[in-house]
Amino acid sequence: MKKLLSIAVGCLSLVLATPAVTHAQHRGHDDHGWHGSKDREKYIRKREKEYDKYVRERDKQDRKYWKHEYEHDHGRPRWASAHHYDMRHHVYFSDYKTFYDPYRGGYVYMTNGRWNFSVNVPSFLINVNLGNAAIRVVKDVPLDRRPEEYYADNEDWDD
């Protein structure tokens with residue numbers, strides 16, 4: 001019994017005498033080269049400026065690319081005459097979950113769970129003949145309001 005007790009005490013002293021294992025993440029240390037919060041803020045501002053520049057350039061290229069696809073003819077979309085549309089109400093293309101908003105003069109469509117607006121026809125509708133597409137003229141939404149705000153309340157729009 002004494003032998004067992006002496007072995008246990010020896011192992012316990014050995015465990016307590018060994019240095020603690022350090023973790024690889026070094027919590028609390030700044031291993032990213034930041035020398036304070038001012039350097040980090042400066043880096044973030046620089047990255048935001050670069051991103052803003054990228055977005056402006058991308059939008060410029062998109063406008064240039066889609067310029068030839070501009071669909072409006074004197075303020076009226078080409079498909080309007082096929083549906084006898086008079087520009088006094090919003091139009092909902094139920095098959096494509098897309099609105100035409102005459103107040104803003106463009107299209108509102110869902111992408112990745114978010115509503116987006118575009119003056120030009122969205123890319124997924126480029127090869128679609130909207131003159132033959134099923135529409136719903138939305139008369140219960142005031143023209144100066146955004147139709148997508150009323151979408152969740154009116155699931156019957158997708159009939």
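The values are calculated or read from the model by the stated rules, or taken from the named source; none is laboratory data. In this text, all values refer to a predicted model and were calculated from it rather than measured experimentally. Neighbour counts are summed over all protein chains in view; Cβ atoms, including those assigned to glycine, are modelled from backbone coordinates with ideal geometry.
Numbers below:
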{"item": "Criterion violated by MET110 - all others in (1) in contact (Cβ under 8 Å) with a residue 12 or more places away in the chain; (2) more than 22 Å from SER81 (Cβ to Cβ); (3) surrounded by fewer than 14 Cβ atoms within 10 Å (Cβ to Cβ) satisfied", "result": "(3)"}
{"item": "Qualifying residue in the range 1-8 (condition: over 30 Å from SER123 (Cα atoms), assigned to a loop (DSSP other than H, G, I, E, B) and either modelled with pLDDT under 70 or of a type outside the set (A, V, I, L, M, F, W, C) (or both))", "result": "yes"}
{"item": "Subset of the range 91-107 (residues that are touching a residue at least 24 places away in the same chain (Cβ under 8 Å), of a type in the set (Phe, Trp, Tyr) and over 12 Å from TYR151 (Cβ atoms))", "result": "PHE93, TYR96, TYR103"}
{"item": "Criterion: modelled with pLDDT of 90 or more, part of a helix (DSSP H, G or I) and of a type in the set (D, E, K, R) - qualifying residue of ASP39, ASP52, ASP59", "result": "ASP52"}
